[in-house]
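J.: The structure follows.
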Amino acid sequence: MRSDTQCESRRGRRRRGRSGGRALAGVMTAAVMAAVMATSAALAAPVYRHVDAQGNVVYSDRPASGERVELAPISVVDPQGESEGASGVVPSSPPREASAPEAAAAYTRFEIASPADGTTLPTGRAGGVQVRLAIQPPLVASDRVQLRVDGEVRQSPMRTQVFAVSGLARGEHQLLAEIVDAQGAVQMATPPVTLYVQRASVNLPANPNRANGSK
């Protein structure tokens, strides 16, 4: 009899243990569901805008004397999907042409290397001079160089760094070179160089060492 009673007692304890476990699991499940429902309700709850006596704007979920704010739904856009398009290939942007200031900025050096500023051409040069330019980096394919003498274009635009100038009149002259683009717009100019030219003059007085009437 005692053995049967002990068996029945152990079976009862096992049943109560199983029932208690199921009850605890049910309570935990209900708690989780309640938390999820509360979160969903909070997200769906209306929002009200209030302005206090100091003019501060406060938002809350309590209406009171506030004004209800309608929140627009948030749209999520996949930037990769939009850029790839239907074909799945990302389109490449067309190359952008450089503007005049950008093209000019590409040249780090542009000046008249020869003759130097203030050079005097002697009479024997007959007003002829070779103008050499220093251009770094080299000219791009679409650019040309033109030479101005006293403000007038003396040499038309060409791809060169050397200009030959001849027949300069006696006196002072100013040399200046310009880089022009394919449309003829000036991109950059060198600092001006002043040049002095000596020439023989027909107005020179007769040689005083010559005898009168001598040839």
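No value in this document is a laboratory result; all are computed from the given coordinates. Here the structure is a predicted model, which means the values were calculated and not measured. Because the Cβ atoms are built from the backbone with ideal geometry, glycine has one as well, and the counts that use them run over all protein chains shown.
J.: Residues of region 142-165 being β-branched (Val, Ile, Thr) and more than 21 Å from Tyr107 (Cα to Cα), which ones?
T.: Filtering region 142-165 down to residues β-branched (Val, Ile, Thr) leaves 145, 149, 153, 160, 162, 165.
Residues satisfying the conditions are Val149, Val153, Val165.
J.: Got a number for residues in region 141-175 being assigned to a strand (DSSP E or B) and without any contact (Cβ under 8 Å) to a residue 40 or more places away in the chain?
T.: Pass one, region 141-175, residues assigned to a strand (DSSP E or B): 144-149, 152-158, 162-165, 171-175.
Adding the requirement that they be without any contact (Cβ under 8 Å) to a residue 40 or more places away in the chain leaves 144-149, 152-158, 162-165, 171-174.
Result for region 141-175: 21.
J.: Let me ask you something else. Taking region 166-202, which residues are under 13 Å from Gly127 (Cα atoms), in contact with a Gly (Cβ under 7 Å, 6 or more places away or on another chain) and either of a type in the set (S, T, N, Q) or surrounded by 14 or more Cβ atoms within 10 Å (Cβ to Cβ) (or both)?
T.: Selection gives Ser166, Leu168, Val197, Arg199.
J.: Now, a different point. Does Leu139 count as crowded, with 18+ Cβ neighbours inside 10 Å, within 11 Å of Phe110 (Cα to Cα) and under 32 Å from the mean Cα position of the chain (by Cα)?
T.: no
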